[in-house]
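I have placed the structure first, in the form of C-alpha cells, so that the comments after it can refer back to it.
The values are calculated or read from the model by the stated rules, or taken from the named source; none is laboratory data. Everything quoted here is computed from the prediction, not taken from an experiment. Don't worry about glycine lacking a Cβ; one is built from the backbone with ideal geometry, like all the others, and counts go over all protein chains shown.
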Amino acid sequence: MSKIVVEGLTKIFGPNPKRALPRLAAGASKEEIHRELGLVVGVRDVSFAVEPGETFVIMGLSGSGKSTLLRCLNRLHEPTAG
C-alpha cells in the first residue's frame with residue numbers, strides 16, 4: 001500500500017482558475033492558457049505514488065513546477081484539481 005498517492009494534480013494561478021481545466025484537457029499548452037485566459041499553469045496533471053521505504057526525488061529545470069508541487073502537497077497552495 002502506497003504512503004503517498006497523487007493523481008492528476010494541477011495548479012493554475014489567477015482569477016477563476018478552474019475555467020482553464022477544460023482547455024487543458026483538450027490539449028492546450030501552458031502558453032495558450034496564458035495568452036487566451038491570462039492564467040499561469042504551475043503544475044499540470046501530475047500523478048505518482050511513493051511506497052513505504054522508497055526514496056522519491058523531484059527533479060527539473062528552473063521554473064518547471066517543483067516548488068509549486070511541494071507547496072500543493074503540504075497544502076500551502078490549494079490544488080486546482082487532483
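Annotations
- The residues listed here are Gly8, Gly27; of these, the one that is on the phi > 0 side of the Ramachandran plot and part of a loop (DSSP other than H, G, I, E, B) is Gly27.
- Any hit, region 45-52, residues being more than 15 Å from Thr80 (Cβ to Cβ), at pLDDT below 95 and aromatic (Phe, Trp, Tyr): no
- Scanning region 11-20 for residues that are surrounded by 12 or more Cβ atoms within 10 Å (Cβ to Cβ) and in a loop (DSSP other than H, G, I, E, B) yields a count of 1.
- Residue that is nearest to Leu9 (Cα to Cα) [pool: residues in region 59-82 that are within 12 Å of the chain's Cα centre (by Cα) and in a loop (DSSP other than H, G, I, E, B)]: Gly82
- Within region 34-72, the set of residues being loosely packed, with under 10 Cβ neighbours inside 10 Å and touching a Phe, Trp or Tyr at 6+ places or on another chain (Cβ under 7 Å) is empty.
- Residue check, Phe56 over 14 Å from Leu9 (Cα atoms), in contact (Cβ under 8 Å) with a residue 40 or more places away in the chain, out of contact with any Lys or Arg (no Cβ under 9 Å at 6 or more places or on another chain) and not in a helix (DSSP H, G or I): yes
- Taken over region 34-53, the criterion of being under 22 Å from Asn16 (Cα atoms) and without any contact (Cβ under 8 Å) to a residue 40 or more places away in the chain is satisfied by His34, Arg35, Glu36, Leu37, Gly38, Leu39, Val40, Val41, Gly42, Val43, Arg44, Asp45.
- Sole residue being loosely packed, with under 11 Cβ neighbours inside 10 Å and either basic (Lys, Arg) or touching a His at 6+ places or on another chain (Cβ under 9 Å) (or both), chosen from Arg75, Arg23: Arg75
- From Glu7, Glu31, residue being surrounded by fewer than 17 Cβ atoms within 10 Å (Cβ to Cβ), in contact (Cβ under 8 Å) with a residue 24 or more places away in the chain and not hydrophobic (A, V, I, L, M, F, W, C): Glu7
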